[in-house]
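Student: Dumping the structure here so I can ask a few things about it.
The values are calculated or read from the model by the stated rules, or taken from the named source; none is laboratory data. Please read all numbers here as calculations on a predicted model, not as lab measurements. Cβ placement follows ideal geometry from the backbone for every residue including glycine, while neighbour counts extend to all protein chains displayed.
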Amino acid sequence: MKAVITSIVAAIILALIFSLPALAQDSGTITITMTGVNDISISLDKTQWPLGNVASNTEYTTSPPIEWCTLTVEGNCNVNTFILGEDAKWVDNPGAYEWTLSNDGTNGENVYGLWFRISGDTSRGYVPITKTEGEFWPYDGGSSLAPGDTKQFGLKLLTPTYFVGGRQMQTQITISAVAA
Amino acid sequence: MIGRIKLAGLVAALLVIFLPSFTLAQDVNFSVSPAVVKIDNLPPGEAAEFELTIHNKEELARNFTIATFQPPEKERRKGRAEFPDDSWISFSSQEIEVAANSAANVTITVAIPREQKWAGEDWEIWMGVAAESSDLLAVRLDVRLLVSTNPAMESTSNAGLAVGIVVGIILFGCGGYYYFRRKVKPE
């Protein structure tokens, strides 16, 4: 009888020795790393461009043209920046009427163009803003933006060659940043 | 006739107001931390949780929205593939109001389904935090979420268990055999 008890206890101990570490791995050692650089932030000193009435097939630029708004990198990490546009919608009934944002800055009937230009970016000049996210500061050709960096830029609007008048239109341009 | 239509179009065009704005805020300033979250050894079937802090640096309370989205391939970190399913990531709240000059936390949970095919993967997805606004210019801050799943969780666990059970059965069998042999042996 003593031998039976001894062998059962030995069997249980040995089984536990082998299986417990394995069972413990089920709950795993999950590592969550909040990578060293911890804070991402950019700021804009201007967000509105009230144009009032506009005419068809006409260009409008911000004033001053390329130093209208200042983007500042506020966080503690280098960032890559992007810019994204969208269709302009009729404020009173957004689903009923819109101006389509062109994909190359040109215009057409109910199609409008948007451009931006960064002060100091001599290689690109005015760059079309489209519905596909594009680089704001060209980090592929240079470096990403570092904390404390500032970039001044301006906008240009090219209104459609034809549009329905008397309607208040609204659009939004999103500038985004991600850790480089 | 065409000339009259063009003239009518021009007159109408002059009545249009583009990009109006009624809000008082003229700038946008907020931060998100951390900027990069790296989760390693997450076994399929398990979940990991972390917090994002949104700091509103303006003098007005603001609503912020949080959403995941797939970055373009060329923006992903080297060796990282597209995160397979956005629905594996959940937020304690997808919209949060942050008071002026204050910070608020959002809890994010990443749960990977218990399937062997998700083991040993390296993925990347971005979480965009945007300040709600009807202004022309808006800012979105993207947090990189890098998730690596445990490569050998299932096989290691099963092998250990199997060895333990086999050893237990063998020892138990030996003990039983020895006991019964002694029992049938005349004293």
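Student: Can you tell me which residue within the range A:50-77, out of those that are surrounded by 15 or more Cβ atoms within 10 Å (Cβ to Cβ), part of a loop (DSSP other than H, G, I, E, B) and among the polar types (S, T, N, Q), is nearest to the chain's Cα centre (by Cα)?
Tutor: Top of the filtered list is A:Asn76.
Student: Scan the range A:61-110 for residues that are within 13 Å of chain B (Cβ to nearest Cβ) and small (Gly, Ala, Ser) and jot them down.
Tutor: A:Gly75, A:Gly85, A:Ala88
Student: Given the structure, is A:Ser119 modelled with pLDDT under 95 and polar (S, T, N, Q)? Break it down stepwise before answering.
Tutor: Details: modelled with pLDDT under 95: yes; polar (S, T, N, Q): yes.
Yes.
Student: Here is a follow-up. Taking the criterion of being of a type in the set (S, T, N, Q), within 12 Å of chain A (Cβ to nearest Cβ), assigned to a loop (DSSP other than H, G, I, E, B) and closer than 24 Å to A:Ile32 by Cα, would at least one residue in the range B:59-78 satisfy it?
Tutor: Within the range B:59-78, one or more residues are of a type in the set (S, T, N, Q), within 12 Å of chain A (Cβ to nearest Cβ), assigned to a loop (DSSP other than H, G, I, E, B) and closer than 24 Å to A:Ile32 by Cα.
Student: Then there's this: Looking at A:Ile32 and the list (1) in contact (Cβ under 8 Å) with a residue 40 or more places away in the chain; (2) part of a strand (DSSP E or B), which single condition is not satisfied?
Tutor: Among (1) in contact (Cβ under 8 Å) with a residue 40 or more places away in the chain; (2) part of a strand (DSSP E or B), the lone unmet condition for A:Ile32 is (1).
Student: Oh, and also: For the range B:106-121: of the residues being assigned to a strand (DSSP E or B) and surrounded by 13 or more Cβ atoms within 10 Å (Cβ to Cβ), which is farthest from the chain's Cα centre (by Cα)? If you could, list the steps in order and put the result at the bottom.
Tutor: Of the residues in the range B:106-121, the ones assigned to a strand (DSSP E or B) are B:106-111.
With the extra rule that they be surrounded by 13 or more Cβ atoms within 10 Å (Cβ to Cβ), the set shrinks to B:106, B:108-111.
Details: B:Val106: 12, B:Ile108: 7, B:Thr109: 7, B:Val110: 5, B:Ala111: 9 Å.
Ranking the qualifying residues of the range B:106-121, first place goes to B:Val106.
Student: Please go through the range B:76-87 and give me each residue that is out of contact with any Lys or Arg (no Cβ under 9 Å at 6 or more places or on another chain) and either loosely packed, with under 13 Cβ neighbours inside 10 Å or of a type in the set (Asp, Glu) (or both), ordered by number.
Tutor: Scanning the range B:76-87 gives B:Lys78, B:Gly79, B:Ala81, B:Asp85, B:Asp86, B:Ser87.
Student: Let me ask something additional. May I ask you to list the residues in the range B:25-41 that are over 12 Å from A:Thr33 (Cα atoms) and either of a type in the set (A, V, I, L, M) or not in a strand (DSSP E or B) (or both)? If you could, list the steps in order and put the result at the bottom.
Tutor: From the range B:25-41, those over 12 Å from A:Thr33 (Cα atoms) are B:25-33; that's our starting set.
Selection gives B:Ala25, B:Gln26, B:Asp27, B:Val28, B:Val32.
Student: Further question on the same structure: Could you please find all residues in the range A:77-91 being of a type outside the set (A, V, I, L, M, F, W, C), out of contact with any Phe, Trp or Tyr (no Cβ under 7 Å at 6 or more places or on another chain) and modelled with pLDDT of 95 or more?
Tutor: At the first step, the residues of the range A:77-91 found to be of a type outside the set (A, V, I, L, M, F, W, C) are A:78, A:80-81, A:85-87, A:89.
After this cut, where a residue has to be out of contact with any Phe, Trp or Tyr (no Cβ under 7 Å at 6 or more places or on another chain) as well, the list is A:78, A:85-86, A:89.
Within the range A:77-91, A:Gly85, A:Glu86, A:Lys89 meet the criteria.
Student: Please go through the range B:43-79 and pick out each residue that is of a type in the set (S, T, N, Q) and touching a Phe, Trp or Tyr at 6+ places or on another chain (Cβ under 8 Å). Before you say what the answer is, go through the steps one by one.
Tutor: Pass one, the range B:43-79, residues of a type in the set (S, T, N, Q): B:53, B:56, B:63, B:65, B:68, B:70.
If the condition is that a residue be of a type in the set (S, T, N, Q) and touching a Phe, Trp or Tyr at 6+ places or on another chain (Cβ under 8 Å), then B:Asn56, B:Thr68, B:Gln70 are the ones that fit.
Student: Another question, if that's okay. If you go through the range B:38-54 one residue at a time, how many are over 23 Å from B:Gly79 (Cα atoms) and among the polar types (S, T, N, Q)?
Tutor: 1
Student: Here is a further query. Select from the range A:98-119 the residues that are surrounded by fewer than 16 Cβ atoms within 10 Å (Cβ to Cβ), assigned to a loop (DSSP other than H, G, I, E, B) and in contact with a Phe, Trp or Tyr (Cβ under 6 Å, 6 or more places away or on another chain) and list them in ascending order.
Tutor: none
Student: If you check A:Glu74 against the conditions, is it over 30 Å from B:Ile112 (Cα atoms), acidic (Asp, Glu) and at pLDDT 95 or above? Walk me through it before giving the result.
Tutor: Values: over 30 Å from B:Ile112 (Cα atoms): yes; acidic (Asp, Glu): yes; at pLDDT 95 or above: no.
No: the conditions fail for A:Glu74.
Student: Considering the range B:88-102 alone, what residues qualify as being in contact (Cβ under 8 Å) with a residue 40 or more places away in the chain and either exposed (fewer than 15 other Cβ atoms within 10 Å of the Cβ) or not in a strand (DSSP E or B) (or both)? I'd like the intermediate steps shown before the answer.
Tutor: Pass one, the range B:88-102, residues in contact (Cβ under 8 Å) with a residue 40 or more places away in the chain: B:89, B:96, B:98-102.
The answer is B:Ala99, B:Ala100, B:Asn101, B:Ser102.
Student: Of (1) facing another protein chain (nearest Cβ under 9 Å); (2) at pLDDT 95 or above, B:Asn56 satisfies all except one. Which?
Tutor: All conditions are met except number (1).
Student: Within the range A:152-168, is even one residue in contact with a Gly (Cβ under 6 Å, 6 or more places away or on another chain), hydrophobic (A, V, I, L, M, F, W, C), part of a strand (DSSP E or B) and touching a residue at least 12 places away in the same chain (Cβ under 8 Å)?
Tutor: For the range A:152-168, residues in contact with a Gly (Cβ under 6 Å, 6 or more places away or on another chain), hydrophobic (A, V, I, L, M, F, W, C), part of a strand (DSSP E or B) and touching a residue at least 12 places away in the same chain (Cβ under 8 Å): present.
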